[in-house]
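Report on the following structure.
The values are calculated or read from the model by the stated rules, or taken from the named source; none is laboratory data. Bear in mind that the values here come from a model prediction, so they are computed numbers and not experimental data. We place every Cβ from the backbone using ideal geometry, glycine too, and count neighbours over all the protein chains shown. Side chains are part of the model used for accessible areas, which takes the heavy atoms of the whole protein and leaves out ligands, DNA and RNA. Shrake-Rupley method; radii C 1.70, N 1.55, O 1.52, S 1.80 Å.
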Amino acid sequence: MRRLSVFIVAAMMVSVVSAAREVQVRVSYYTPRIVRIEKTVGDFRMSPSVSVTAQPQDVVRPEIKVAIGRGGVVTFMDAKGHVLLQEGPGNFEPIESGIDKGAWKAGQSWILDADEPIYGVGMLQNGKMSQRGENRTMIQSNTEDYANFFQSIKGYGIFVDNYSPTEWSDDGRVLNITSQVAEAIDYYFIYGGDADGVVAGLRWLTGKVPMIPMWTYGFHQSRERYKSQKELLDVVKGYRAAGVPLDGIIQDWQYWGNNYLWNAMEFLNAEFPDAKDMVKQTHAMNAHISISIWQSFGPQTKQFRELNDRNLLLDFLTWPNSGLAEYWPPRMDYPSGVLCYDAYSGEARDIYWKYLSGLYDFGIDAWWMDSTDPDHNYHDGDFDQMTAMGSFRSVRNIYPLMCVEGVYDHQRAVSSDKRVFILTRSYFTGQQRTGANTWSGDVQSTWNDFRAQIPLCLNYTLTGSPYVNSDIGGFFPSGYNRYGQTQTCSRNPLFQELYVRWLQFGVFNPMMRSHGESSRREIWEFGQKGEPIYDAIGKAIRLRYSLLPYIYSTAWQVSSNDDSFMRALMMDFKADRKVWDMNDEFMFGRSLLVAPVTHALYTTEERRWSDEKYDWTESKTMDVYLPSGAKWYDYYDNRLYSGGQEVTADASIDHCPLFVRAGSILPMGPDVQFASEKPWDNLEIRVYAGDNGRFTLYEDEGDNYNYEQGKYTTIEFSLKGSKLTIGKRSGEYQGMLKTRRFNIAYIDGKTIRTKSIEYDGNAVDVRF
């Protein structure tokens, strides 16, 4: 290693000569394990961070040592002096003309081990778990988004605090990240020891995750689009009549009317004559409405006129291009005139909420914030315009964060009685502090696209954001329709198999949401009760609802202890090198190992119409790898396996291979039609023997912020040998269960022993 000229154990700044320039290097400790590195040429002139909310601390005993060598090259070491990461060269290229004159094109490189996997980065559709070898321009888009963050299997993470389009290049040895506009090289080194520690460190820097409403963990039905309020209400009525659980119905675009009224945030479409009553009827059926809102406005809307008068619109072409919605391809001789708003402006965000509050007052439950990327058809000069925070180029990638946080902050300011829930198409580091759920954009209905969603969701999670999902079945099903017609692919067996497998994967996403273009996705569109495809869909949805106590308790761990829902196997089984780059299995919470069926087993992966008949009752199997370091139970038959081996699992059409880690304590909820239909007063508690384990059952009022004032309860379950201890209940809230029954099922791979326990809040031991 190069001889080090400066050794730092506390925050300080040094000046070194790099090439022909004097580089200022400033090192700031935020915690004993989080260090900020700033480099500039000349004086520091740093704008406040948008992502980072924490402040540097007085650190007496840092656990990370920082050394600065020639040219300002930084090396990070652990407390024992072992090198964790060393920089390569940094570079400053002056911007000498244009709107960003005086700033820098600035980049930093790091030297990685040849066999060192890295994770995170953002939402990438490349199908990879480890993101080594990637070369790309990082700029937010419909189907790919970036967080400027990565973490290593070695237990450290890097967050580059820059918001401009950024070049990422990895030649297999040196990773370089170069931002198009920068005041300085500015990044944070986070040492967590493992992936969970890195995630916790990033959230400490950029914001903790709030609780979202319990109903959002139920099943959501959507379509592009429900064209009338009758159609929307008929869908909710249809689910209730079918006895299939549903919690969310989502209204997509054009409830406002034509494209010149784009995103008016009013029901101006004549097919929605009494939207307030529509919301009322939906609530009467114990369902909730999410509604599509965009970050752009048509020229005839009130918002456009007010924003335009205040110079708060951004001048670039966005979707929809044409004002004539009924023509495809778009008639550009009738341009829409739609423009995005300047979400970087506090005044503009106030105006946005002023109009959105009308829908909030209607009783709309959640916001589907589409095109937060934003949708941008690039042309020369688009970046060369000013926003409220500087040039559009300099702040391009935080547009989604500004949009989402604007709505979150405004709703929080209005009321604490209703938790904010936002579904959004884009994100940036820090957005997790709004609890927003990001979906992966308008992906295609193909098996390849489906396979890509698994590592996409896992890498997204490893950037510190826990809430993620995709359009179940893919957004664009073209090719599966009969002879170019729409509305037929739900009866196409080739699409049916893909949809069922994607839906089974969706059971184990933080949000389970069916959505797509042209083809209807409601359960009855796939057949009727008693038919294998219909029954497989219903079985998956019911499995989701049976897991709600487990899911909601995991949500509390996410919020209170920086946990994650979808967990790449390297998070829990780092010692098993076989899982370091595994992209088709994951943990859902700490107990469930999910192995989605990602290849057609009954049909073909072709994308075409088919009249062929397939025997859906035929048994199918697939191989599943069980990580070493644990024992595993098959969820369906309770057979016990040792880890570190590949096993053959049932993969019939109504089965997604699912395993439970030994030592798990799994609460199972009642059979319900919506999340809050029945109290959890008679839960089944499945106890999987073979290791010691713990689980905390969390409960609160479900849809307000009283939990922030301590209005919630926890019950600690712990398993040691054959003894299950149910701890004393902690906390209280209005409407809580004071007494209840726990039906314990003790599973050891040979037998299932059951006991029924009356629980009044005091600790009790149960022995088997």
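Computed quantities for the displayed model
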quantity	calculated
Sorted peptide list for 654-661, 172-179, criterion being average Cβ within 10 angstrom, highest first	654-661, 172-179
Part-to-part distance (alpha-carbon centres) for the range 67-129 and the range 674-735, which is given in Å	43 Å
Of Lys227/Lys302; Lys302/Lys418; Lys154/Lys208; Lys154/Lys418; Lys529/Lys631, those spanning more than 31 Å from alpha-carbon to alpha-carbon	Lys154/Lys418; Lys529/Lys631
Within the range 731-757, backbone nitrogen closer than 14 Å to the virtual label 7 Å beyond the Cα of Arg639 toward Cβ	749-750
Length released on extending from Glu326 to Asp380, taking residue separation times 0.36 nm less the Cα-Cα span	16.5 nm
Residues with amide H under 5 Å from that of Glu699, placed H, sequence gap 5 or more	Thr713
The range 224-334: relative contact order as a whole-number percent, Cα under 8 Å and 6+ apart	26 percent
Residue pairs, from the table Lys276/Lys738; Lys105/Lys128; Lys574/Lys728; Lys80/Lys574, whose Cα atoms sit over 26 Å apart	Lys276/Lys738; Lys105/Lys128; Lys574/Lys728
Solvent-accessible ranking of Thr301, Thr143, largest area first, probe 1.4 Å	Thr143, Thr301
Mean Cβ neighbour count within 10 Å, used as a protection proxy, ranking 291-300, 394-403, 32-41 highest first	394-403, 291-300, 32-41
Heavy-atom surface of the chain, accessible at 1.4 Å and reported per residue (Å²)	36 Å²
Relative contact order (%) - criterion: Cα under 8 Å, at least six apart; region: the chain	11 percent
The range 163-238: relative contact order as a whole-number percent, Cα under 8 Å and 6+ apart	14 percent
Cα-based reach from Lys613 at 12 Å (exclusive), listing aspartates and glutamates while leaving out same-chain residues under 8 positions away	none
Accessible surface of the range 333-472 [probe 1.4 Å, protein heavy atoms]: carbon and sulfur percent	48 percent
Extension reserve of the Asp350-Ala413 stretch, reckoned as 0.36 nm per residue once the Cα distance is removed	21.5 nm
Computed E for Ala745/Glu271 - FRET, C-beta separation, R0 51 angstrom, nearest 0.05	0.55
For peptides 607-617, 330-340, sequence by mean Cβ density within 10 Å, most packed first	330-340, 607-617
Computed E for Asp681/Asn706 - FRET, C-beta separation, R0 22 angstrom, nearest 0.05	0.60
Inter-label distance for Glu116 and Arg305, nm, one decimal - labels placed 7 Å from Cα along Cα-to-Cβ	5.9 nm
Computed E for Leu601/Ala241 - FRET, C-beta separation, R0 41 angstrom, nearest 0.05	0.80
